[in-house]
1. Tell me which of these Ser145 doesn't satisfy, since it passes every other one: (1) farther than 21 Å from Cys283 by Cα; (2) within 13 Å of the ligand (Cβ to nearest atom).
2. If you check Gly77 against the conditions, is it in the same structural domain as Ile416 (by TED's automatic domain parsing) and either over 29 Å from Ser303 (Cα atoms) or surrounded by fewer than 20 Cβ atoms within 10 Å (Cβ to Cβ) (or both)?
3. Whether any residue in segment 49-68 is touching a helix residue (DSSP H, G or I) at 6+ places or on another chain (Cβ under 7 Å), within 14 Å of Leu277 (Cβ to Cβ) and away from the ligand (no atom under 16 Å from the Cβ) is what I want to check.
4. When you go through Ala177, Ala214 one by one, which is the residue that is part of a helix (DSSP H, G or I) and closer than 23 Å to Val396 by Cβ?
5. So which residues in segment 264-293 are outside any loop (DSSP other than H, G, I, E, B) and hydroxyl-bearing (Ser, Thr, Tyr), if there are any at all?
6. Here is a check on your reading of the model: is Leu316 within 16 Å of the ligand (Cβ to nearest atom), touching a Cys at 6+ places or on another chain (Cβ under 7 Å) and more than 30 Å from Met356 (Cβ to Cβ)?
7. Scan segment 178-201 and tell me whether some residue there is touching a Cys at 6+ places or on another chain (Cβ under 8 Å) and either more than 20 Å from Met273 (Cα to Cα) or away from the ligand (no atom under 16 Å from the Cβ) (or both).
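The values are calculated or read from the model by the stated rules, or taken from the named source; none is laboratory data. Being a predicted model, the structure only gives us computed values, none of them experimental. When we count neighbours, we look across all protein chains shown, and the Cβ atoms used for this are built from the backbone with ideal geometry, even at glycine.
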Amino acid sequence: MAPRSVRQSDPKSLGEGIGRSCPESNGKAAIEQLKLRLKEDRVTRLALMILDKYEDVHLKDQVVDSMDDARHFRLCGKTVINFGSDSLLGFDRDPRIQKAIVESLEDWGTHNGASRAFTSVALCEEAERRLAQWLNVDETLIFPSVTLANAGLLPALAGKGDLLVVDRLSHDTLWQAAKVAAHNGANVRELNPATPNALVKILEREDYEGCIVAVDGVYSMTGTIPPLDALDQVTRSFGGILYIDDAHGTAVIGPRGRGAAAWKLDSLENVLMVGSLSKAFSCLGAFVTCDQPLKRMLKIRSSTFIFGGPVPPPYLAAICAVCDLIESPEYDEILGRLQNRVKRLVDGIRRIGLPMTGGLAAVVAITIGDIEKTLSAGKWLFDRGFYVQSATYPAVPLMGGILRIQVNANHSIEAIDCLLDALDDLKTEFELPGN
Ligand SMILES: Cc1ncc(COP(=O)(O)O)c(C=O)c1O
């Protein structure tokens with residue numbers, strides 16, 4: 001049966017249009033129908049309603065006009081301190097990383113223009129080797145983003161006859177990847193809550209050949225960490241493998257910044273860890289830990305690896321430059337600077353008495369609650385000179401609006417203290433509850 005929009009057209013003229021261009025009026029009508037249909041979706045309707053109703057305060061989809069080394073940026077005609085940057089170690093502004101990009105650009109050009117299934121530039125092998133060396137694992141495989149890593153890996157790892165357990169609170173990209181795995185025949189189950197007991201119940205109930213349990217290393221909205229050690233133990237005792245998306249832990253927590261999994265587990269040997277090269281690394285891409293035979297299999301089975309393009313050479317050079325820094329004594333100082341700032345913010349928020357989560361990595365979230373109050377609180381801070389991300393549904397539960405603060409190593413101490421002063425006033429202004 002034809003869709004409604006097509007049925008309204010003359011079937012004969014549609015048939016004639018095949019292989020040539022569609023008559024213009026039909027094309028326009030179809031696009032209008034498409035827009036109407038997209039608007040019918042419940043979450044889209046709600047998102048549009050929020051954007052329209054709270055136009056003055058939502059601060060979403062904004063254009064940044066300029067930025068500087070001290071995390072100031074200019075948007076909506078105002079220069080503010082940016083507490084919403086994923087470049088947690090400030091490497092985006094580091095002249096050495098920038099130089100690596102520029103020099104590599106001259107040698108390799110902007111892009112090597114081929115899927116890695118055909119050719120990889122030597123820099124890519126080098127970056128994978130350097131990452132493996134840093135993480136104390138046999139091998140790593142680089143993808144152009146964490147989204148593409150998850151989208152390629154989960155369906156590659158879990159197919160027909162396999163069980164894929166996904167933490168309910170894990171990042172949307174894991175869930176989107178799980179949908180593809182389910183389509184390919186994997187049995188996908190939701191882990192809720194992310195506790196060892198809940199996991200045991202699922203694993204006892206299900207039959208499977210292989211089993212993957214997918215969780216975040218650090219939850220991107222709340223900044224909290226699931227019980228990785230206990231989940232790993234249970235997963236292993238049932239013959240499964242823990243898959244950790246540690247986008248927010250990479251290079252900021254754990255021994256030498258090796259992430260949440262390296263921190264909470266004895267080693268990364270028996271798990272699959274995905275890390276980000278776009279956040280604290282300030283480059284572009286993602287990696288998964290593996291060994292040589294598994295790397296070979298992942299290259300063959302992961303559709304985003306085969307059918308997508310690679311990280312461009314200049315960013316691979318930047319990844320190697322970040323690895324140089326991580327291996328140097330200077331990294332201790334940079335990481336120490338970040339940790340001091342996170343601690344200063346967390347201690348200050350506790351003193352003020354605001355309800356807060358996170359603070360182990362660089363994400364700190366203040367719970368506000370309803371949508372209007374959350375957005376207004378974010379705008380109020382913006383007017384005071386601070387940009388934080390006011391996150392509302394569907395990024396968080398409906399009444400679970402938060403102010404999400406990302407601390408960076410290149411925030412000044414004064415910037416943290418001024419933000420704390422503003423948060424103190426915000427508590428009174430918005431009559432926020434204590435912690
Ligand atoms: C846990 C987690 N996974 C995946 C992603 C997506 O990362 P990317 O931008 O590299 O696709 C994010 C981004 O914020 C994230 O926080």
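1. (1)
2. So Gly77 passes the test.
3. No, segment 49-68 has no match at all.
4. Values: Ala214 fails: part of a helix (DSSP H, G or I).
The conditions single out Ala177.
5. If we filter segment 264-293 for residues that are outside any loop (DSSP other than H, G, I, E, B), which is where we start, we get 264, 272-276, 286-290, 292-293.
The answer is Ser276, Thr289.
6. Judged against the criteria, Leu316 is a match.
7. If we filter segment 178-201 for residues that are touching a Cys at 6+ places or on another chain (Cβ under 8 Å), which is where we start, we get none.
The answer is no; no qualifying residue exists.
Per-residue answers, yes or no, for (1) among the hydroxyl-bearing types (Ser, Thr, Tyr); (2) surrounded by fewer than 21 Cβ atoms within 10 Å (Cβ to Cβ); (3) more than 16 Å from the ligand (Cβ to nearest atom):
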{"position": "Met273", "(1), (2), (3)": "no, no, no"}
{"position": "Leu284", "(1), (2), (3)": "no, yes, no"}
{"position": "Val288", "(1), (2), (3)": "no, no, no"}
{"position": "Asp291", "(1), (2), (3)": "no, yes, yes"}
{"position": "Lys295", "(1), (2), (3)": "no, yes, yes"}
{"position": "Leu325", "(1), (2), (3)": "no, yes, yes"}
{"position": "Glu330", "(1), (2), (3)": "no, yes, yes"}
{"position": "Gly336", "(1), (2), (3)": "no, yes, yes"}
